[in-house]
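The numbers here are math on the coordinates, done by the rules we state, and not lab data. What you are looking at is a predicted structure, and each value in this text was computed from that prediction instead of being measured. Reconstructed Cβ throughout: ideal geometry from the backbone, glycine too, with neighbour counts over all protein chains shown.
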Amino acid sequence: MPVLSIDTLTTLAADALTSAGASRSAALAAARALTAADAQGLASHGVSRVPQYAAFLRNGRSNGQASPRVVQSKGGACLIDAQCGMAYEACAMAVEQAIERAREFGIACVGVTNSNHFGAAAGHLGPIGKAGLVGMAFGNSPAAMPAWGGKTPLFGTNPIAAIFPRHDAQALLIDLALSEAARGKIMVAAKEGKPIPLGWAVDKDGKPTTDAKAALAGSMLPTGGVKGAMLALVVELLACALTGAAFGFEADSFFVEAGNQPRLGQLFLAIDPGAMAGADMYFSRTEKLIELMLQDEGVRLPGDRRHALLEKAEREGITIPDALHQQIAALAGHP
């Protein structure tokens, strides 16, 4: 399997998306995020998505020439319209706005509407952590899980992510989908013809399955049962009711190339510790908790694995499957 540097893989992915109709800035924003996901061991949210995104661009599910803009603004809150383009430029704008407004008002809430798949949720939060702010991200996705007690998929897998900066150490980075497993993992298993663990999903008849393709045609199971289903509802309301974006059941699946423009929603929060008990107190209390956590053998801080894999990828490059490399290269028009 080929091993590519981060810069080389980013350029290849960006070229493929540009060839499919994206503006160069939109293509680069998406390519950087996808490559970063691969570098951190998140292949389900990495460049394996490039063929999917390219199909969306070609079929009008994503507007490659979109130019995100702020359409509502009030104090620490604002709303950004992604104009049905790929999500990454709009999310980057949202994070910039969140940092700026949190510094001024102590807290900021920035929504994104008319958006698309936004990849690994925590991948957007790095700048917030580097600014010394606490950050959170929420996003909805096409319906994959039913409301608790129901059978019809209504909610997406709806990830929640958070970043907590530290003094002279890597930030704590928390990222979880509210399904028992990320749907992207099932997508990868389906492509590779591999089974999935029992308990991840049910088929279209509501029966437990280990068949990845049957799972994609059925429903995901929420993590933690009813608690996960309720959290998915919370995200759906935060990311959509507040922003005017489409609910999960209004968006066609990401796993079909032809369909509607998803018009999904994302929401970002940024909090300045200095507006609360103070930055010194925040960092002191955070380190106290981490110190006690690490006294138990086997505890691994959230985000440590991602940070370690990223450092390795920066040194050694990223390995991707031959077939995927050839597919992306063909999309990019590379020999």
Handout entry: Footprinting exposure proxy for CYS78, CYS109 (fewest neighbouring C-beta atoms within 10 Å first)
Key = CYS78, CYS109
Practice task
Report the charge-dipole magnitude of segment 66-175 in Debye, nearest 20, computed about the Cα centre from +1 at each Lys and Arg Cβ and -1 at each Asp and Glu Cβ.
Solution key: 180
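First measure r as the distance between the Cβ atoms of SER5 and GLU257, then evaluate 1/(1 + (r/R0)^6) with R0 = 41 Å and state the FRET efficiency to the nearest 0.05.
It comes out at approximately 0.85.
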Fill in the blank from the handout: The aspartates and glutamates whose Cα lies under 15 Å from the Cα of LYS312, excluding any fewer than 8 residues away in the same chain, are ASP7, ASP38, ASP304
Exercise for the section: Assign unit charges at the C-beta atoms only (+1 for Lys and Arg, -1 for Asp and Glu), then state the dipole size of segment 172-328 relative to its Cα centre in Debye, rounded to the nearest 20. Expected result: 300
Problem - Overall dimensions of segment 75-167 by Cα: Rg and Dmax, Å - result: 14.6, 47
Completion exercise
Once the in-chain neighbours fewer than 8 apart are removed, the lysines whose Cα is under 20 Å from LYS185 read LYS194, LYS204, LYS207, LYS213
Problem - GLN65 paired with LEU294, simple spin-label distance in nm, labels 7 Å along Cα-to-beta-carbon - result: 5.3
Problem - Kirkwood Rh and Cα Rg combined as Rg/Rh, the chain - result: 0.96
Exercise for the section: Nearest 5 is fine: what % of DSSP beta bridges in segment 63-185 come out antiparallel, could you say? Expected result: 75
Exercise for the section: Return one quarter of the surface area of the convex hull spanned by the alpha-carbon atoms of segment 166-304, equal to its mean projected area, in nm². Expected result: 11.9
Exercise for the section: Kindly work out what percent of the DSSP beta bridges joining two residues of segment 1-135 are antiparallel, to the nearest 5. Expected result: 50
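Would you tally the net charge around THR113, using a Cβ to Cβ cut-off of less than 9 Å, leaving THR113 out, and scoring K and R as +1, D and E as -1?
Taking every Cβ under 9 Å from that of THR113, the sum is 0.
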Problem - Neighbourhood net charge (15 Å Cβ-Cβ; Lys/Arg +1, Asp/Glu -1) for ALA82 - result: 0
Handout entry: For the chain, size of Cβ-based charge dipole, Lys and Arg +1, Asp and Glu -1, in debye
Key = 540
Exercise for the section: Excluding residues fewer than 8 places away in the same chain, name every one of the aspartates and glutamates whose C-alpha is closer than 14 Å to that of LYS227. Expected result: GLU180
Practice task
Answer with one residue from PHE155, PHE247, PRO208: the one whose Cα lies farthest towards the positive end of the charge dipole of segment 155-253, charges on Cβ with Lys, Arg +1 and Asp, Glu -1.
Solution key: PRO208
